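See below for the structure under consideration.
Read-outs throughout are calculated quantities, based only on the coordinates presented, and are distinct from any laboratory measurement. Here the structure is a predicted model, which means the values were calculated and not measured. In this analysis, Cβ positions are derived from the backbone assuming ideal geometry, glycine residues included, and neighbour counts consider all displayed protein chains.
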Amino acid sequence: MGNVMEPWKLEPARDTGLTPGERFRSVRRESGLLEGLAHQACFLLLRTYFAIAHRLTIEGRDKLPAHGPFVVAANHCSHLDALALGAALTPRHRERAFPIAAGDVFFQSGVTSTFSAIMLNALPMWRKNCGPHALADLRRKLQEEKAIFIIFPEGGRSRTGSMMPFKHGLGMLVAETNVPVVPCGLAGTFEALPPHRKLPRPVAIKLIIGDTLEFASTANDRTGWSQIAQGVESAVRNLATQ
């Protein structure tokens, strides 16, 4: 006899039962057809914008893993940073790519929540009330859904253009997992759109993607988190100054 097929099992979406507002702010959010099309359109517009307005150059794109889960970690001094990193992703990455955005900036109102969730596919990180459970939810999503996170471990934009120390949250996401971290260095985004400006200048932007780092053998405790933060910070610093 031939192979017996396993019975098909219908599983409800993880965001079933949430209102639209709750869903946009939830880590459990799943993309529908219209949102998927919106993400694709947004990425196409971003790539066109960065190519024309900022002559974006990308080195090392071949170092991105073929599929998730993985974490892209970069320096942060401009609202252009997450958009530039998103524009660097390949089409096969986009559906599962989630920029981790400050909840108190991008998810405070209904308008910004809708834009951030639908157009950017961003997930909120609430800086003032970010307890272990929030990071645990993100860690679970990263592994179980083979997601791709774009994060800025400094925890906020630099006001001077110089990198700040990386925080431990990155370590809490990847310690004792097989999830690789891809360090990236951005140059030109501060000159193009520093925190005090509202509109960007047509300044050239460069992105360098480094070799992946893995932390499966790094302890999932404060010491391990610190080691991960320092290791990734060092790699990003080297890339950002090339």
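Arrange the peptides 79-90, 187-198, 213-224 so that the one whose residues have, on average, the most other Cβ atoms within 10 Å appears first.
79-90, 187-198, 213-224
Please work out the C-alpha center-to-center distance from segment 183-242 to segment 41-63 and express it in whole Å.
About 17 Å separates the Cα centre of segment 183-242 from the one of segment 41-63.
Listing Phe152, Phe166 from the residue with the fewest other Cβ atoms within 10 Å to the one with the most, what is the order? Numbers along the way, then the final one.
On the way: Phe152 28, Phe166 25.
Lowest count first: Phe166, Phe152.
What are the extents of the Cα atoms of segment 139-231 along their three principal axes, in Å, largest first?
43, 25, 22
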